1. Within region 71-118, restricting attention to residues that are modelled with pLDDT of 80 or more, part of a loop (DSSP other than H, G, I, E, B) and not β-branched (Val, Ile, Thr), which residue is surrounded by the fewest Cβ atoms within 10 Å (Cβ to Cβ)?
2. Identify, from the list ASN138, ASN123, the residue that is under 29 Å from TYR16 (Cα atoms), over 12 Å from the mean Cα position of the chain (by Cα) and among the polar types (S, T, N, Q).
3. Condition first: at pLDDT 80 or above and more than 21 Å from ARG128 (Cβ to Cβ). Can you find one or more residues in region 47-55 that meet it?
4. Could you tell me which residue of region 119-136 is farthest from ARG75 (Cα to Cα), considering only residues that are modelled with pLDDT of 80 or more and surrounded by 11 or more Cβ atoms within 10 Å (Cβ to Cβ)?
5. Keeping to region 101-146, report how many residues are within 17 Å of LEU90 (Cα to Cα) and of a type in the set (Lys, Arg).
6. So, in region 1-17, exactly how many residues are at pLDDT 70 or above and surrounded by 14 or more Cβ atoms within 10 Å (Cβ to Cβ)?
7. If you go through region 119-144, how many residues are of a type in the set (Lys, Arg) and assigned to a loop (DSSP other than H, G, I, E, B)?
Amino acid sequence: MAFNETGNEQNAWVEYLGTSTQEAVDRLSAVSSIPNVYTQGLMSAEDSPPINSGNPEDVWVYDSGLDTVLGIPKRGTWHYNRRSPGWPELLGRPYKEAIETIISEEVGVNVIFGPEGFGRIENIDMRRVWLDVDQNGNVAIVPHIG
């Protein structure tokens, strides 16, 4: 089994973010507690999902299209590898619900939230999601990685 630093079963591998997709697949395939490792290329929400959506124990590696891991490889069943990272479906939803959704879909990210238009650090960080909240406590702008 693969365990994280707290002794729990490991469900995400942040160390492969931005590395070679093939290298990540090869290393994850060598872990005995991972039954299957799948690679998913970029696609849009209109594309059809694969016939095999995997099992909760499987690991999905999402490729950037340039043989680089996009997003943190994690256990679970298949979901879209978004061409444009973001959650348009969360617009107008309560911010706490949005945070739960984002964290469940992008294991290992930090969700930074604040009032609509709040200040941001200018650097890009693939483990960070910005979340603008309106005066009613709902998502004001489409949250995205960066």
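1. This residue is GLY117.
2. Details: ASN138 fails: under 29 Å from TYR16 (Cα atoms).
Of the residues listed, the single one that is under 29 Å from TYR16 (Cα atoms), over 12 Å from the mean Cα position of the chain (by Cα) and among the polar types (S, T, N, Q) is ASN123.
3. Yes: one or more hits.
4. Ranking the qualifying residues of region 119-136, first place goes to ASP134.
5. 1
6. 7
7. Selection size over region 119-144: 2.
The values are calculated or read from the model by the stated rules, or taken from the named source; none is laboratory data. These numbers come from a predicted model, not from an experiment. No Cβ is skipped: glycine too gets one built from the backbone with ideal geometry, and neighbour counts run over all protein chains shown.
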